[in-house]
Amino acid sequence: MTELTGLSSTLGEHAGLKRPRRWRRTPALRELVRETTLDVADLVYPLFVVPGTAVRRPVPSMPGVEQLSVDALRAEAEELAALGIRAVLLFGVPESKDAVGSESYAPNAPVQRALEALRAAVPELVLVTDVCLCEYTDHGHCGLLDPDGQVLNDETLEVLGRVAVSHAEAGADVVAPSGMLDGMVGAIRAALDAEGHEQVAILSYAVKYASALYGPFRDAAEGAPAFGDRRSHQMDPANVREALREAALDVEQGADALLVKPALGYLDVVQQVRERFPELPLAAYNVSGEYAMVKAAAARGWLDERAAVLELLTGVRRAGADLVVTYHAKDAARWLGGSA
Ligand code: PBG
Ligand code: ZN
């Protein structure tokens, strides 16, 4: 005790000591110098739309997430609006699947009907749609297949263009191609413009990794590949220079915003894409597996869910993402709104 006091009060030694802790003394001081904000306006909430009526089917591997039928979306949209959530990302589970994913561009398919329902329920809600074929093909792959089961690139682009146009016609503000096919942004831009949808933006999943963390999503969207995997089009988790190349190609083709996915294990990628392309909005997708890990640990009492989620989402923002797509959006909105 005496010894300690003696040490810390040696004035000559500590005068002028740089003390970062001065800014951490009170909540007000900490808030004054906070560098990163997390705002509900930056969050995008994914929705899974299924056929039928009055369906609210919980997704077992994603506690708190439900598949919803179109009629259930009105109440959902009103809840989101009340929470201050401004944007949703729509995924559809079709009535039937075939080899070429034809329900992906059917005008009365779940996503197309959902767009109309959501637009009517909450006109100002930003409607983003996932544009890919894996939920619509019976083989579960992201495009048309050649006889060897490989995804055909250029043949698939034409279908993606049709999907994007059908989403635009149903009221999408933003289309988000997620298939990682070469040239998808340019092909979709051309298809949209040809049909007079110049105002519809493209949020490209420019950098999407072949991740083990999409498992729960494949339950929710019912789009698991029936054989093989997605490594012929999604990126190798070991690569980051390739990510910058992918992003550059999408910017060249007219992407209006870029997305990196998953988020948490790829914050260096978020940071580098942000630095290389400062002029475009950047989104990061906090994916289903990342969500499931937090929910599972919280359910066991191993994590303080609220603190953990807000910390992780702040980390994604700090790395440089403007927008965060996250299944935690509703909880985060409640927590950020001050009522737990
Ligand atoms: C489909 C798609 C996937 C996700 C978003 N769009 C799955 C996949 O590529 O296998 C994953 C989202 C998540 O895990 O939350 N192209
Ligand atoms: Zn896909």
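Quick rundown of the values:
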{"read-out": "Pick from the stretch 147-172, criterion in a loop (DSSP other than H, G, I, E, B) and small (Gly, Ala, Ser), ranking: nearest to ligand 2 (Cβ to nearest atom)", "value": "Gly149"}
{"read-out": "Those strands (runs of 3 or more DSSP E) lying entirely in the stretch 247-340 with at least 2 residues free of Cβ contacts under 8 Å to residues at least 40 places away in the same chain", "value": "none"}
{"read-out": "Filter result for Gly223 (open to solvent by less than 10 Å² (accessible area, probe 1.4 Å), touching a residue at least 40 places away in the same chain (Cβ under 8 Å), part of a loop (DSSP other than H, G, I, E, B) and under 24 Å from Leu323 (Cα atoms))", "value": "no"}
{"read-out": "Residues that are more than 16 Å from ligand 2 (Cβ to nearest atom) and not aliphatic (A, V, I, L, M), drawn from the stretch 111-146", "value": "Gln112, Arg113, Glu116, Arg119, Pro123, Glu124, Asp146"}
{"read-out": "Filter result for Ala194 (more than 13 Å from ligand 1 (Cβ to nearest atom) and small (Gly, Ala, Ser))", "value": "yes"}
{"read-out": "Residues satisfying the stated conditions in the stretch 199-220, i.e. more than 9 Å from ligand 1 (Cβ to nearest atom) and surrounded by fewer than 22 Cβ atoms within 10 Å (Cβ to Cβ)", "value": "Gln199, Ala201, Ala212, Asp219"}
{"read-out": "Only listed residue being under 30 Å from Glu78 (Cβ atoms) and either open to solvent by less than 40 Å² (accessible area, probe 1.4 Å) or among the small types (Gly, Ala, Ser) (or both), chosen from Ala321, Ala247, Ala297", "value": "Ala321"}
{"read-out": "Qualifying positions in the stretch 28-60 - on the phi < 0 side of the Ramachandran plot and open to solvent by 80 Å² or more (accessible area, probe 1.4 Å)", "value": "Arg30, Glu31, Leu32, Arg34, Glu35, Thr37, Thr53, Arg56, Arg57, Pro58, Pro60"}
{"read-out": "Verdict on Arg189 being part of a loop (DSSP other than H, G, I, E, B), open to solvent by less than 50 Å² (accessible area, probe 1.4 Å) and either among the basic types (Lys, Arg) or touching a residue at least 12 places away in the same chain (Cβ under 8 Å) (or both)", "value": "no"}
{"read-out": "Failed criterion for Val175 (all others in (1) assigned to a loop (DSSP other than H, G, I, E, B); (2) in contact with a His (Cβ under 8 Å, 6 or more places away or on another chain); (3) away from ligand 1 (no atom under 12 Å from the Cβ) hold)", "value": "(1)"}
{"read-out": "Output for the stretch 116-149, where each listed residue is of a type in the set (Ser, Thr, Tyr) and touching a Ser or Thr at 6+ places or on another chain (Cβ under 8 Å)", "value": "Tyr136"}
{"read-out": "Members of the stretch 236-245 that are in contact (Cβ under 8 Å) with a residue 12 or more places away in the chain and out of contact with any Ser or Thr (no Cβ under 9 Å at 6 or more places or on another chain)", "value": "Asp236, Val240, Ala243, Leu244"}
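Listed here are the residues, each with its yes/no results for (1) open to solvent by 60 Å² or more (accessible area, probe 1.4 Å); (2) more than 22 Å from Arg189 (Cβ to Cβ); (3) within 15 Å of ligand 1 (Cβ to nearest atom).
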residue	(1), (2), (3)
Leu90	no, no, yes
Val93	no, yes, yes
Asp98	no, yes, no
Asn108	yes, yes, no
Arg113	yes, yes, no
Gly143	no, no, yes
Gln150	yes, yes, no
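The values are calculated or read from the model by the stated rules, or taken from the named source; none is laboratory data. Just so you know, these numbers come straight off a predicted model, no measurement behind them. Here the Cβ is made from the backbone with ideal geometry for all residues, glycine too, and neighbour counts use every protein chain on show. Calculation scope for accessible area: heavy atoms of the full protein, side chains included, ligands and nucleic acids excluded. Shrake-Rupley method; radii C 1.70, N 1.55, O 1.52, S 1.80 Å.
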